[in-house]
1. Among the helices (runs of 4 or more DSSP H) contained in segment 271-381, which hold 2 or more residues that are farther than 30 Å from ALA484 by Cβ and among the hydrophobic types (A, V, I, L, M, F, W, C)?
2. When only residues in segment 320-346 that are outside the structural domain of GLY307 (by TED's automatic domain parsing) and over 26 Å from the mean Cα position of the chain (by Cα) count, which is surrounded by the fewest Cβ atoms within 10 Å (Cβ to Cβ)?
3. For LEU444, indicate whether it is more than 13 Å from ARG526 (Cα to Cα), aliphatic (A, V, I, L, M) and either in contact with a His (Cβ under 8 Å, 6 or more places away or on another chain) or crowded, with 21+ Cβ neighbours inside 10 Å (or both).
4. Quickly run through segment 49-99 and pick out the residues that are in contact (Cβ under 8 Å) with a residue 24 or more places away in the chain and among the basic types (Lys, Arg).
5. Out of all the residues in segment 515-534, is one or more at positive phi and polar (S, T, N, Q)?
6. Of everything in segment 115-134, what is under 11 Å from the mean Cα position of the chain (by Cα) and small (Gly, Ala, Ser)? Give them in sequence order.
7. Can you tell me which of TYR269, TYR280 is of a type outside the set (D, E, K, R), surrounded by 23 or more Cβ atoms within 10 Å (Cβ to Cβ) and within 21 Å of LEU303 (Cα to Cα)?
8. If you take the residues of segment 504-547 that are charged (D, E, K, R) and in a helix (DSSP H, G or I), which of them is farthest from HIS473 (Cα to Cα)?
Amino acid sequence: MTSFLSPYPQSKPHEVGVEVPFADSNVAQCTYDYIVVGGGTAGCCLASRLSEIPGATVLLIERGPIADTWLNRNPLLSAYFFRRDAPSTIYLAAPIANANNRVIQVVGGEELGGTSRINGCLYMRGFKGDWDSWNRPGWNYEDILPYFVKSENSLNQPESHFRGKNGPWVNQVLPDMPFKILRRVLEAGKRNGIPVVSDINAPDVPSLASVSVDFSIDRNRTRVSTFSAFLPKSLALARKDRLKICTNTLVTRVAVNAGPNGLQANGVYIQAATGSDNVYFARARREVILCGGAIASPQILLLSGIGPRSYLEKMGINVIFDSPGVGSDLMDHYSLPMSYEIPKEDSYHALFSSPLLALIEFLKYLFLSVGLFAYPLMQFSLFFRTSLVRNDGSLDTSSSVEFDSGNQDKVPDMEIMLCPNQVQEYETDPMDWSIGVFTYLSCLIKPRSVGSVRLSSTNPRDRPIVDVNYLSHPDDLSAFRSAARFVEHLAEDVQKSGYPLGNARHPRTTDVSEEEFDNFIRKNVRSAYHYSSTCRMAPLDDLRPGVVDDELRVHGIGGLRVCDTSIFTETLATHTMAPAVVVAEKCADLIKASH
């Protein structure tokens, strides 16, 4: 009863830090064993696990609010992060040189739970060969598998050595299909040699597969974010004396001092995310761990004087440690939408164009946890390698050896997400609810193009410059061409089966020149919001300089780690939510071992 009546425990900057300037004698009350910077997908898990250490004190700092509302728990509506009240941060990336200088949006979750509160709820771990390709001690598939099992509570996958039933993070495969078009596309896939797979997260899943993926949704069809899984109110209240959760707070930089054993992180400077510019200091007795994600973590390191020397000097920032890899090697999955008109009643457009249908579906969800509001936007995906696409758009499925995803050379490079709605980048095509639309969203999950994150100014409130640099590698353009041919081949098969798949809302590859279709790709590629690799786990003297070592410790700085998707040595061919959590689970164990 007490937990029900009590508010969620959260603190403000002046309650967890001492105002700057300060005397050392004033800092004792604002000292913690561990300071976790960023309460997002990874940060909520890490803070929860570190607060399990008997007697340890943990401070979790999150730039956004709690934002625990009904809308933000509904699987469908919570993923519409363009809502005015959505707990998301959206700003413009740098112009994309190889995509007609288009400017697309950078999107992230900015609240406890981070992007796990606004994404498509997809729980996907990645392929065995992909993890093994990192070639980092302690990070191959067999090493990280126990952490996946530890976290999860799979509601309907059979219990096994690779699926967990006792973790806090609930997921499930949704058993039914709300739209006829999905069934027709899967049937067309089978006719083209693509098997339907029951568990995309199995170690032996083939690299050619169509699958209904696991979703982080509970039995009541409610989104299960890392906030609700790892830091529910009951846990936060039970540990409030040693776990401080500071929301609406911005970390301006990490404090690094020279000590007898070299440079050492010993705390962070913070201020209110909006409003007052008063700066406070919180001291870390043991470690500071950055969990800001692949955009914010390198930004904080650069503001702290940790990054490429010449760049920091150019920005007028005092160089603490020359680390050339900080903010480099940005990787992002990006996609090409190809849409067709379909009957409106077989598309989400019917829901958003009919107030009466929306009311009926809302009541079905509210009282029975069924109906269209009980589903995320996307339920099915097809995985394949674009090298298998023939000139006529069909797939070469003649050799089963080609589909061993445990072989890093056979990992799929393309995912086609099947979306019963229009899926366009915001500036390309306004939403049209008057017709039904089905989109084959071809997502390049093994891109070769690499971008960067750099500061727009030395003001920590300013968003950084994110250069996604799409299509800078010619292989990416070739992969999209192959995916487009396959989509058209698949769509023709659906049409021949008798389903009224109507007009294509894109140029056909057979009707235009390669140059014209390439221009269509440049005009329409969009982000999947899976940013990674800006603080890579690799040696400092690697050909692509690393930022952290195999235990996620920042090179050259004691007491400082990074724990989020920025540490990926290469982007994984999967959605990044579950891998972000497994990084946090492993990081927690690494820290506990040295506590």
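The values are calculated or read from the model by the stated rules, or taken from the named source; none is laboratory data. These numbers come from a predicted model, not from an experiment. Here the Cβ positions follow ideal geometry from the backbone for every residue, glycine too, while neighbour counts run over all protein chains shown.
1. Working: elements: 293-303, 309-315, 348-353, 355-368.
By residue number, 293-303, 309-315, 355-368.
2. Filtering segment 320-346 for residues that are outside the structural domain of GLY307 (by TED's automatic domain parsing) and over 26 Å from the mean Cα position of the chain (by Cα), the one surrounded by the fewest Cβ atoms within 10 Å (Cβ to Cβ) comes out as GLU345.
3. When the stated conditions are applied, LEU444 does not pass them.
4. Once the filter is applied, which keeps residues that are in contact (Cβ under 8 Å) with a residue 24 or more places away in the chain and among the basic types (Lys, Arg), segment 49-99 yields ARG49, ARG63, ARG73.
5. Initial filter on segment 515-534 (at positive phi): 529, 533.
Subsequent filtering for residues that are polar (S, T, N, Q) retains 533.
Scanning segment 515-534, I find at least one residue that is at positive phi and polar (S, T, N, Q), so the answer is yes.
6. Across segment 115-134, the qualifying residues are SER116, GLY120.
7. On the way: TYR269 fails: surrounded by 23 or more Cβ atoms within 10 Å (Cβ to Cβ).
One residue alone meets the criteria, TYR280.
8. Taking segment 504-547 first, the residues charged (D, E, K, R) are 505, 508, 511, 514-516, 518, 522-523, 526, 536, 541-542, 544.
This time we only want the ones that are in a helix (DSSP H, G or I), so: 514-516, 518, 522-523.
Details: GLU514: 17, GLU515: 16, GLU516: 19, ASP518: 13, ARG522: 13, LYS523: 16 Å.
Only one residue tops the list, namely GLU516.
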